[in-house]
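First the structure, in the form of structure tokens, and then the observations on it.
The values are calculated or read from the model by the stated rules, or taken from the named source; none is laboratory data. Model, not experiment: these values are computed from the prediction. FYI the Cβ positions are ideal-geometry reconstructions off the backbone, even for glycines, and counts take in every protein chain you see.
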Amino acid sequence: MDVRKVERAAGREPAFRPLPDSYNHPCPWELDLPPWTMPQMFERAVAEWPDYPLAEFMGRRFTYAEMHREALAFAAGLQKLGIEKGDRVGLFLPNVPVYIAAYYGAMIAGATAVNFSPLYTVEELDAQVADSGTRLLVTIDVPGVLPIACKVLATSALETLVVARLADMLPWTKRLALALFGRGRTAPIPNQAGVMSWSDCLAPAPPKPVPLDADRDLALIQYTGGTTGTPKGAMLSHQNLTANARQVDAVDPFQDGPDVIMGVLPLFHVFANTCVLNRSVMKGACVSLLPRFDAGQALATMQRVKANAFPGVPTMYQALLDHPKLGRTDFSSLRICVSGGAALPGPLHERFEDATGSRLAEGYGLTESSGVVSTNPYVGENRHGTIGQPLPETRTRLLDKEDPAKDAAPGEPGELAISGPQVMRGYWNLPNTAAEAFAEREDGLWLRTGDIATIDAEGYIRIVDRSKDMINVGGFKVFPSQVEAVLLRHPAVKEVLVIAVPDDYLGELPAAFATLEADAAETSGTALADWANAHLGKHERLKSLTIREELPKTMIGKLDRKALRKEVLGGD
């Protein structure tokens with residue numbers, strides 16, 4: 001008997017699964033995680049909930065069975081185009097339904113999916129397409145995305161560009177409005193070699209079965225900047241992703257009844273990939289997709305679809321609080337909000353819970369951990385200022401800050417290291433860098449997070465410092481060396497350092513400090529910032545650029561970022 005159908009028909013509130021007694025301990029309970037591939041997880045959901053909606057987009061719903069048929073057709077189309085097991089298929093898409101079909105379809109074909117942010121510039125997309133060896137890229141016909149993909153197709157080893165039409169995913173009323181009044185909202189698909197439409201890529205015959213090893217075969221390459229700022233492709237196996245989806249599902253006590261999740265986090269980001277998409281498929285939930293975050297639209301959608309869960313980053317919750325529609329929004333269906341991607345300020349945490357009546361639980365994860373390492377409980381003690389307790393089957397330890405070959409002294413902060421089924425297999429084409437990311441112990445390899453933490457007696461983890469130079473712009477990671485590399489392309493710039501400076505809305509923004517060549521005295525900081533921002537991704541753009549006579553250096557003549565940060569911001 002399907003409990004959810006009975007509950008829906010009776011119009012009753014969903015029943016909640018009782019929590020085990022050990023819920024508030026470092027490892028909530030043991031979890032059986034046999035090897036699963038991503039197609040197996042998807043097929044299980046389709047078999048159990050074929051008529052349930054998997055995606056809701058602007059009022060149109062797509063059932064599990066419908067999405068599965070489209071994923072199978074895409075997989076067959078890929079095979080027809082010569083895509084083989086292990087080939088890389090890129091996704092250059094915002095949150096639209098075709099993302100789901102392309103993501104699972106690529107894996108059904110045996111390919112490895114590669115996520116690319118639609119905020120990327122031509123240079124950024126080109127570099128990661130080349131590094132990953134992506135053969136085929138899926139994108140959409142919207143300005144700011146399609147033209148970039150077309151330029152990369154023309155200048156790289158990319159073989160095929162598959163373009164989905166926004167209109168094909170909309171309800172008929174919005175499709176009509178787009179046709180009549182949507183001038184400039186879509187871009188024409190060019191008559192360019194290697195370009196084909198999404199519909200033309202779908203094949204009617206079923207795809208050939210591809211045997212997959214859940215532990216060995218890669219499902220996803222997810223790029224992360226790491227401590228050096230050089231983009232690195234985290235290699236995530238099928239078991240990494242399915243295990244993390246099951247781990248996240250296991251700590252959710254709300255297991256019965258219809259479930260609708262707000263899909264405002266970008267699916268190309270590992271946080272959303274696990275907590276919004278894969279966890280929903282694991283649970284039979286519906287994802288209400290928004291192509292970009294707009295606070296007013298998010299509030300209206302949340303009320304319209306009666307959302308139960310809202311995974312987001314702190315800036316999203318702040319924007320919801322600041323919106324004039326907040327007080328007129330019905331939050332009665334909202335059971336849990338999960339915050340990640342950046343530290344959640346205590347006052348924001350309290351204000352959001354008071355305003356909405358919903359639980360806001362802060363969690364923590366890494367690209368290298370398939371998305372999630374720990375979370376505060378959805379019920380029980382929610383310790384503000386911590387990132388909660390480790391997920392089931394996730395082990396943690398603290399390494400000595402100076403010597404990672406040793407553990408931190410008892411009671412002392414140390415570098416957080418983790419071990420679990422969600423930890424990546426390594427970095428794409430970077431075996432030496434991957435080795436540096438792990439600490440070896442007698443009981444195996446431990447992923448070094450680069451974050452300095454403490455762990456209390458109940459297993460709650462508190463991040464007390466960040467050893468990485470990355471800048472956290474509203475949950476998006478920006479790496480100073482990448483911004484500096486762009487600035488150094490300008491002929492007037494001699495030296496440059498980029499650091500994080502506080503921002504009331506996004507938490508942090510990049511700020512640059514530069515010295516100029518002798519013949520560039522007339523160049524202004526504003527002009528340089530404008531030039532740089534035109535060559536940077538939206539999330540990388542500078543808050544300011546200051547021209548200085550000199551930049552701090554170490555005793556051996558290296559630019560000293562730490563000294564500059566102390567000079568500008570104070571502190572240690």
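Of the residues making up the stretch 506-525, those that are farther than 26 Å from Tyr223 by Cβ and either surrounded by 21 or more Cβ atoms within 10 Å (Cβ to Cβ) or aliphatic (A, V, I, L, M) (or both) number 6. Mind checking whether some residue in the stretch 288-295 is buried (at least 21 other Cβ atoms within 10 Å of the Cβ), at negative phi, more than 13 Å from the chain's Cα centre (by Cα) and charged (D, E, K, R)? No, the stretch 288-295 contains no residue that is buried (at least 21 other Cβ atoms within 10 Å of the Cβ), at negative phi, more than 13 Å from the chain's Cα centre (by Cα) and charged (D, E, K, R).
Residues in the stretch 121-141 that are touching a residue at least 60 places away in the same chain (Cβ under 8 Å) and either basic (Lys, Arg) or more than 26 Å from Ser481 (Cα to Cα) (or both): Val138 alone. Where helices (runs of 4 or more DSSP H) fall wholly inside the stretch 195-309, the ranges with 3 or more residues that are over 19 Å from Tyr99 (Cβ atoms) are 238-250, 295-305. Evaluate the following for Gln482: is it closer than 24 Å to Gly233 by Cβ, buried (at least 18 other Cβ atoms within 10 Å of the Cβ) and touching a Pro at 6+ places or on another chain (Cβ under 9 Å)? It is true that Gln482 is closer than 24 Å to Gly233 by Cβ, buried (at least 18 other Cβ atoms within 10 Å of the Cβ) and touching a Pro at 6+ places or on another chain (Cβ under 9 Å). The residues of the stretch 224-246 that are over 28 Å from Arg61 (Cβ atoms) and at pLDDT 95 or above, listed by number, are Gly233, Ala234, Met235, Leu236, Ser237, Gln239, Asn240, Ala243.
Is there a residue in the stretch 175-182 that is over 17 Å from Leu78 (Cα atoms) and in contact with a strand residue (DSSP E or B) (Cβ under 8 Å, 6 or more places away or on another chain)? The answer is no, given that none of the residues of the stretch 175-182 is over 17 Å from Leu78 (Cα atoms) and in contact with a strand residue (DSSP E or B) (Cβ under 8 Å, 6 or more places away or on another chain).
Results for (1) farther than 17 Å from Trp49 by Cβ; (2) at pLDDT 95 or above; (3) acidic (Asp, Glu), shown as yes or no for each residue.
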residue: Phe254; (1), (2), (3): no, no, no
residue: Pro266; (1), (2), (3): yes, no, no
residue: Val270; (1), (2), (3): yes, no, no
residue: Val281; (1), (2), (3): no, yes, no
residue: Leu290; (1), (2), (3): yes, yes, no
residue: Gln297; (1), (2), (3): yes, yes, no
residue: Ala307; (1), (2), (3): yes, yes, no
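For (1) surrounded by fewer than 17 Cβ atoms within 10 Å (Cβ to Cβ); (2) in contact with a His (Cβ under 9 Å, 6 or more places away or on another chain); (3) of a type in the set (Phe, Trp, Tyr); (4) in contact (Cβ under 8 Å) with a residue 12 or more places away in the chain, each residue gets a yes or a no:
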site	(1), (2), (3), (4)
Glu440	yes, no, no, no
Leu447	no, no, no, yes
Ile461	no, no, no, yes
Ile471	no, no, no, yes
Phe476	no, yes, yes, yes
Val486	no, yes, no, yes
Pro491	yes, no, no, yes
Ile499	no, no, no, yes
Asp504	yes, no, no, no
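Only a single criterion out of (1) crowded, with 19+ Cβ neighbours inside 10 Å; (2) outside any helix (DSSP H, G or I); (3) hydrophobic (A, V, I, L, M, F, W, C) is not satisfied by Ala106, namely (2). Within the stretch 157-194, the residues that satisfy the criterion of being buried (at least 17 other Cβ atoms within 10 Å of the Cβ), assigned to a loop (DSSP other than H, G, I, E, B) and in contact with an Asp or Glu (Cβ under 8 Å, 6 or more places away or on another chain) are Arg165, Thr186, Ala187, Ile189. Residue count for the stretch 78-95 satisfying the condition of being over 27 Å from the mean Cα position of the chain (by Cα) and either of a type outside the set (A, V, I, L, M) or part of a strand (DSSP E or B) (or both): 3. Looking only at residues of the stretch 492-505 that are part of a loop (DSSP other than H, G, I, E, B) and modelled with pLDDT under 90, we find that the one that is farthest from the chain's Cα centre (by Cα) is Asp504. Applying the condition of being of a type in the set (S, T, N, Q), closer than 19 Å to Arg489 by Cα and not in a helix (DSSP H, G or I) to the stretch 526-555 and asking which residue is nearest to the chain's Cα centre (by Cα) yields Ser544. Scan the stretch 80-93 for residues that are touching a residue at least 24 places away in the same chain (Cβ under 8 Å), over 11 Å from Ala113 (Cβ atoms) and surrounded by fewer than 21 Cβ atoms within 10 Å (Cβ to Cβ) and report the count. Final tally of qualifying residues: 5.
Counting residues in the stretch 343-363 that are within 22 Å of the chain's Cα centre (by Cα), surrounded by 15 or more Cβ atoms within 10 Å (Cβ to Cβ) and among the β-branched types (Val, Ile, Thr) gives zero.
Ile418 meets each of the listed conditions (1) surrounded by 14 or more Cβ atoms within 10 Å (Cβ to Cβ); (2) more than 14 Å from Asp451 (Cβ to Cβ); (3) in contact with a helix residue (DSSP H, G or I) (Cβ under 9 Å, 6 or more places away or on another chain); (4) in contact (Cβ under 8 Å) with a residue 40 or more places away in the chain apart from (2). Selection within the stretch 296-339: residues that are farther than 20 Å from Glu362 by Cβ and basic (Lys, Arg). The member of this set that is surrounded by the fewest Cβ atoms within 10 Å (Cβ to Cβ) is Arg328.
Considering each residue of the stretch 364-373 in turn, none proves to be touching a residue at least 12 places away in the same chain (Cβ under 8 Å), surrounded by fewer than 24 Cβ atoms within 10 Å (Cβ to Cβ), under 23 Å from the mean Cα position of the chain (by Cα) and part of a strand (DSSP E or B). Evaluated against (1) modelled with pLDDT of 90 or more; (2) more than 28 Å from Leu218 (Cα to Cα); (3) surrounded by fewer than 22 Cβ atoms within 10 Å (Cβ to Cβ), Gly385 falls short on exactly one condition, (1). The single residue among Asp456, Asp465 that is exposed (fewer than 14 other Cβ atoms within 10 Å of the Cβ) and modelled with pLDDT of 90 or more turns out to be Asp456.
Condition check for Met235 on (1) surrounded by 22 or more Cβ atoms within 10 Å (Cβ to Cβ); (2) within 27 Å of Gly86 (Cβ to Cβ): one failure, at (1).
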